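Take a look at the structure below.
The values are calculated or read from the model by the stated rules, or taken from the named source; none is laboratory data. As the structure is a prediction and not an experimental result, all values here were calculated from the model. Neighbour counts are summed over all protein chains in view; Cβ atoms, including those assigned to glycine, are modelled from backbone coordinates with ideal geometry. Side chains are part of the model used for accessible areas, which takes the heavy atoms of the whole protein and leaves out ligands, DNA and RNA. Shrake-Rupley method; radii C 1.70, N 1.55, O 1.52, S 1.80 Å.
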Amino acid sequence: IDTVCNKNYAEVYEIIHPRQPMSKPRDVRLSPFHARHQDLQASFTTFAGLELPNWYEANARLLEKYDDQIPQRTGWGAEYWSRIQGAEHLATRDNVALFDLHGLSLMEVRGPGSLAFINTLCSSQMDKPVGQVVYTTWLTPSGGVRRDLAVARIEQDRFWMFVGEGTRPQDMDWVTRLAPTDGSVIISDISDAWTALGLWGPNARRVLAQATDAAVSNEALPYFPSQWIDIGFTRVRALRISYAGELGWEMHLPVDAALPVWDALWEAGAEVDMVAAGQGAFDSLRLEKGYRLWGLDVYSEYNAYESGLGWTVRLDKADFVGRAASVVTKAAPLHKKLCCLTLDDRNAVLIGYEPIFSGDMCIGHVTSANFGYNVGKFIAYGYLPVEHASVGTALEIIYFGERFKATVSADPLFDAKMTRLKA
């Protein structure tokens, strides 16, 4: 234990690469799909103690097809990265990919007071039909974004809230502290009993139709509702949502049935040469689509309007946590906003937290950065003063002492009209 603690201390306080996973302890928590990841020669990273695939060496075969769309990297920027991540990104957009989403946590709220509580907790109107999924935020009393999340109404008095595994304890604490004490609501952390898979890409519907007898047409299961479907002998909750920004489903299933569901989908995807994709591709896909990541792009220091999530705040509904502050914030002039920037140098690399300059003045820092393999540009996000936030504004980002030209760009860069998501 002493050895592990000493190693952990060194890796927190020494100068290390931001994407370097913890060296010890490893293999403490394994995804239920771990054996399949090993079969595909996954390169693993750690997330909340979980071993999750960053990319798969089995997908190196895709590099020949996508070679001209994936830049080369050297030095610091090439550490803990592989060009295979770019190939998995492009294969998702062109075809279909299967993602391990075991890094999601699942909180259930049920009981006669569940709707009233969920509506108090969330900034959006949560009184939706059974089966509907709502993307929303939790706000702090001062209006900061406490968490962005998806919430599904499973039954009339039963809701599922999907949060990140890395913040599960603090999210559970937040929910239980705000919950009514009259017995009208029961809150359960059911994360360890459930896991999830993402099936995304233009051929996702074709693959899912092969794996289930349920109707999965756009009419039967349109964008944002959810329903129970059967895959093999397993009942799966399929949500028509996508953090990758592509047609497809986020599917939640019992942990003890995880491998049979993976195998059924994998067999169904063989006809179209479906690939598995890792966390590296997942990050570049979501950034290209302009989706925020809580803890980097979104956190409690900034409010929903500054974070580009003001549309989730429904001031016309009954009181909720952060409503009073949001009324004031919305009426006041905006001083900063989260902006998308693209770099002129296609071969530039940013990791995150690099300073953003206007002339000789530092006006912000990079929150998230990755290459947009479909748009062909390196993408960065950061909070900028509104006077520097107009599309077309020329700025610079400093990386290891070198200034890279950057331009404030449209947000999002990819599928802005959401035609692919709603196909």
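Taking the range 397-415 as the search range and keeping residues that are in contact (Cβ under 8 Å) with a residue 12 or more places away in the chain, of a type outside the set (Ser, Thr, Tyr) and farther than 15 Å from residue 368 by Cα, which one is surrounded by the most Cβ atoms within 10 Å (Cβ to Cβ)? Write out each step before concluding.
Going through the range 397-415, the residues in contact (Cβ under 8 Å) with a residue 12 or more places away in the chain turn out to be 397-400, 403-415.
The next check asks that each one be of a type outside the set (Ser, Thr, Tyr); those that pass are 397-398, 400, 403-406, 408, 410-415.
Add one more test, that the residue is farther than 15 Å from residue 368 by Cα, and what stays is 400, 403-405, 410, 414-415.
Working: 400: 10, 403: 11, 404: 20, 405: 14, 410: 12, 414: 18, 415: 17.
Looking at the filtered set, the residue picked out is 404.
Among the strands (runs of 3 or more DSSP E) confined wholly to the range 49-114, which include 1 or more residues that are farther than 30 Å from residue 173 by Cβ?
Here the list reads 50-56, 97-100.
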Given the criterion touching a strand residue (DSSP E or B) at 6+ places or on another chain (Cβ under 7 Å), open to solvent by 10 Å² or more (accessible area, probe 1.4 Å), touching a residue at least 40 places away in the same chain (Cβ under 8 Å) and part of a helix (DSSP H, G or I), identify the matching residue among 257, 264, 268. 264
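Does any residue of the range 155-166 turn out to be without any contact (Cβ under 8 Å) to a residue 24 or more places away in the chain and either over 29 Å from residue 303 (Cβ atoms) or of a type in the set (D, E, K, R) (or both)?
As a first pass, look at the range 155-166 and keep what is without any contact (Cβ under 8 Å) to a residue 24 or more places away in the chain: none.
Within the range 155-166 (the criterion being without any contact (Cβ under 8 Å) to a residue 24 or more places away in the chain and either over 29 Å from residue 303 (Cβ atoms) or of a type in the set (D, E, K, R) (or both)), the answer is no, since none of the residues qualifies.
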For residue 157, the lone unmet condition from (1) surrounded by 19 or more Cβ atoms within 10 Å (Cβ to Cβ); (2) of a type outside the set (S, T, N, Q); (3) touching a Lys or Arg at 6+ places or on another chain (Cβ under 7 Å); (4) more than 30 Å from residue 269 (Cα to Cα) is (1)
Selected residue [free of Cβ contacts under 8 Å to residues at least 24 places away in the same chain, β-branched (Val, Ile, Thr) and either in a strand (DSSP E or B) or farther than 17 Å from residue 299 by Cα (or both)] from 137, 176: 176
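May I ask you to list the residues in the range 140-154 that are of a type in the set (Lys, Arg) and either more than 20 Å from residue 301 (Cβ to Cβ) or open to solvent by less than 10 Å² (accessible area, probe 1.4 Å) (or both)?
First, the residues of the range 140-154 that are of a type in the set (Lys, Arg): 146-147, 153.
Across the range 140-154, the qualifying residue is only 153.
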Within the range 15-27, count every residue that is surrounded by 12 or more Cβ atoms within 10 Å (Cβ to Cβ) and among the aliphatic types (A, V, I, L, M). 2
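Every residue, every condition in (1) modelled with pLDDT under 95; (2) on the phi > 0 side of the Ramachandran plot; (3) out of contact with any Pro (no Cβ under 9 Å at 6 or more places or on another chain), yes or no:
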| residue | (1), (2), (3) |
| --- | --- |
| 78 | yes, no, yes |
| 87 | no, no, yes |
| 91 | no, no, yes |
| 94 | no, no, no |
| 97 | no, no, yes |
| 102 | no, no, no |
| 108 | no, no, yes |
| 115 | no, no, yes |
Looking at the range 304-423, what strands (runs of 3 or more DSSP E) fall wholly within it and have at least 2 residues that are under 19 Å from the mean Cα position of the chain (by Cα) and of a type in the set (Gly, Ala, Ser)? 361-372, 377-385
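Given the structure, is residue 285 in contact with a helix residue (DSSP H, G or I) (Cβ under 6 Å, 6 or more places away or on another chain), aliphatic (A, V, I, L, M), open to solvent by less than 10 Å² (accessible area, probe 1.4 Å) and assigned to a helix (DSSP H, G or I)? Full working, then the answer.
Numbers: in contact with a helix residue (DSSP H, G or I) (Cβ under 6 Å, 6 or more places away or on another chain): yes; aliphatic (A, V, I, L, M): yes; open to solvent by less than 10 Å² (accessible area, probe 1.4 Å): yes; assigned to a helix (DSSP H, G or I): yes.
When the stated conditions are applied, residue 285 passes them.
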Test set (1) out of contact with any strand residue (DSSP E or B) (no Cβ under 6 Å at 6 or more places or on another chain); (2) assigned to a loop (DSSP other than H, G, I, E, B); (3) within 22 Å of residue 315 (Cβ to Cβ) - residue 117 fails condition number: (2)
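Of all residues in the range 28-39 being touching a residue at least 60 places away in the same chain (Cβ under 8 Å) and assigned to a loop (DSSP other than H, G, I, E, B), which is surrounded by the fewest Cβ atoms within 10 Å (Cβ to Cβ)?
Filtering the range 28-39 down to residues touching a residue at least 60 places away in the same chain (Cβ under 8 Å) leaves 31-33, 35-37.
Then drop every residue that is not assigned to a loop (DSSP other than H, G, I, E, B), which leaves 31-33.
On the way: 31: 22, 32: 18, 33: 24.
Going through the qualifying residues, I end up with 32.
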Out of the residues in the range 218-246 that are closer than 22 Å to residue 103 by Cβ and among the hydrophobic types (A, V, I, L, M, F, W, C), state the one that is surrounded by the most Cβ atoms within 10 Å (Cβ to Cβ). 244
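Table: residues versus (1) within 30 Å of residue 247 (Cα to Cα); (2) surrounded by fewer than 13 Cβ atoms within 10 Å (Cβ to Cβ).
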position	(1), (2)
363	no, no
370	yes, no
383	yes, no
386	no, no
419	yes, yes
Would you mind stating whether residue 300 is over 20 Å from residue 387 (Cβ atoms), crowded, with 19+ Cβ neighbours inside 10 Å and polar (S, T, N, Q)? no
